[in-house]
Structures are given as C-alpha cells and as structure tokens.
Amino acid sequence: DQLSWIIWSAMWMGMCKETLKPGGVFAFFIDWRQIPAMSIAIQMAGLTWRGTAVWDKRNSRPQQGRFKQQCEFIMWGSKGKLDVKRDVPVMPGLFSYCNVQGKKRIHQTQKPLQLMKDINQLCLPGGLILDPFAGSGSTVAAATVEGYRCVGIEKTEAYYNLAKQRLEESIPNNYTP
C-alpha cells in the first residue's frame, strides 16, 4: 500500500543520507503517480527536495484513449544547504533521449547511458555516486566513464551480472581508473 511504500522509501533514503556529505545531492527517477508520495518520503528521510526535471523518452508505447506515457520524472535534492557556487553546470529541466529498446534493453527500467552521464553532472567532479538500485548498471557505467567514483547496489544476481558485463563493455579500452 502507499503508506508502506512511503515509509520504506524514507528508510532507504535515510540510509543513503548517511553517505551524503553536507550539501551533497541526490537524484532518482520516478513515475508521475508517485511524485506526491515520494516528496513526503524525502522529507521524512531528513533530506531537502529541490525540484523535479523531466525525461522525455520520445519513443514510448501509445495507449488508445490515453495520454502517451512518454515522460519519467527526476526528483532531486540535497542533504541540507546547497552551495549555488558548486563546480557543476546549469542543468536543463528537460532531457530528451529515446528509451532503450530491443536487444540493447536488459532491464525494465534501463536508462540511456547519455542520460545518466548528464544526470551525474549534478555531482561534484571526482565525487562519489551511489546507485542503491543499480539494475542494468547505466548509472555506474556513466559515472565510471565520466571519471566519478561510483558504488552500485543490486539485489538480483542476474541483473548484477548483466550490469557488470555492461560496465565492462562501456568502458573505453584506454580507460584507467
């Protein structure tokens, strides 16, 4: 039920909060139906919700008699105050990348690598990125290629193995950590 989901979300975000430095940022993807509940969970975890950006998937499946479900939302915030002079770029409020499809799609909620490279720029250069639900490993692969330190956590062994393989394939041959 919704209340249990809010409490569970506040619990895992509270654990993630422990790894954040003061002023550290977080971002995650969510369906439009969960935005109100997640805003409560963020506050319950003691974090500050800073806003929501949009990912236009462009190629989502249409449903007759309904609006196309072509957007996911990126909720983001910080642990306490956020230094506006941080060494990060101005981020757009809208990202437009096609959803991963076909044989390249190895996870139901897989994100395009370039999208994750863009989102990871919220983190300070050389910073640490934590993905507590790594899935296909898009966040970890993007972070590694862009020079961030990254920790990915995945409960399902099959997805862990697929993400590990994807990471190995996405790192350029001349990459040195």
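Taking segment 53-69 as the region of interest, how many residues are touching an Asp or Glu at 6+ places or on another chain (Cβ under 9 Å) and of a type in the set (A, V, I, L, M, F, W, C)?
Residues flagged as touching an Asp or Glu at 6+ places or on another chain (Cβ under 9 Å) and of a type in the set (A, V, I, L, M, F, W, C) within segment 53-69 amount to 2.
Out of the residues in segment 62-106 meeting the condition of being free of Cβ contacts under 8 Å to residues at least 40 places away in the same chain and within 28 Å of E18 (Cβ to Cβ), tell me which one is most open to solvent (accessible area, probe 1.4 Å).
For segment 62-106, the residue satisfying everything is K85.
Consider segment 124-135. How many of its residues are on the phi < 0 side of the Ramachandran plot and within 12 Å of the chain's Cα centre (by Cα)?
Summing the residues that are on the phi < 0 side of the Ramachandran plot and within 12 Å of the chain's Cα centre (by Cα) in segment 124-135 gives 6.
Restricting segment 18-27 to residues that are exposed (fewer than 13 other Cβ atoms within 10 Å of the Cβ) and assigned to a loop (DSSP other than H, G, I, E, B), which is nearest to the chain's Cα centre (by Cα)?
Result: K21.
Rundown of residues vs (1) in a helix (DSSP H, G or I); (2) at pLDDT 95 or above; (3) out of contact with any Lys or Arg (no Cβ under 6 Å at 6 or more places or on another chain); (4) within 11 Å of M75 (Cα to Cα), yes/no style:
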| residue | (1), (2), (3), (4) |
| --- | --- |
| L3 | yes, no, yes, no |
| I6 | yes, yes, yes, no |
| C16 | yes, no, yes, no |
| F29 | no, no, yes, yes |
| Q43 | yes, yes, yes, no |
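Which ones in segment 126-140 are open to solvent by less than 40 Å² (accessible area, probe 1.4 Å), small (G, A, S) and closer than 20 Å to W76 by Cα?
Correct list: G127, A134, G135, G137, S138.
Contact list please: Cβ distance under 6 Å, first residue in segment 124-143 and over 16 Å from E169 (Cβ atoms) and modelled with pLDDT under 90, second residue open to solvent by 30 Å² or more (accessible area, probe 1.4 Å) and aliphatic (A, V, I, L, M), pairs at least six apart or on different chains.
Close Cβ pairs (under 6 Å, with a partner that is open to solvent by 30 Å² or more (accessible area, probe 1.4 Å) and aliphatic (A, V, I, L, M)) amount to L130/V151; P132/I153.
From the residues in segment 45-61 that are closer than 18 Å to R105 by Cβ and in a loop (DSSP other than H, G, I, E, B), which one is most open to solvent (accessible area, probe 1.4 Å)? Talk me through it step by step, then tell me what you get.
Initial filter on segment 45-61 (closer than 18 Å to R105 by Cβ): 55-61.
Filter once more, keeping what is in a loop (DSSP other than H, G, I, E, B): 57-61.
Numbers: K57: 29, R58: 119, N59: 41, S60: 16, R61: 165 Å².
If we take residues in segment 45-61 being closer than 18 Å to R105 by Cβ and in a loop (DSSP other than H, G, I, E, B), then R61 is most open to solvent (accessible area, probe 1.4 Å).
The values are calculated or read from the model by the stated rules, or taken from the named source; none is laboratory data. Values in this document were obtained by computation on a predicted structure and should not be read as measured data. No Cβ is skipped: glycine too gets one built from the backbone with ideal geometry, and neighbour counts run over all protein chains shown. Note: accessible area is taken over every heavy atom of the protein model, side chains too, but ligands, DNA and RNA are not part of it. Shrake-Rupley method; radii C 1.70, N 1.55, O 1.52, S 1.80 Å.
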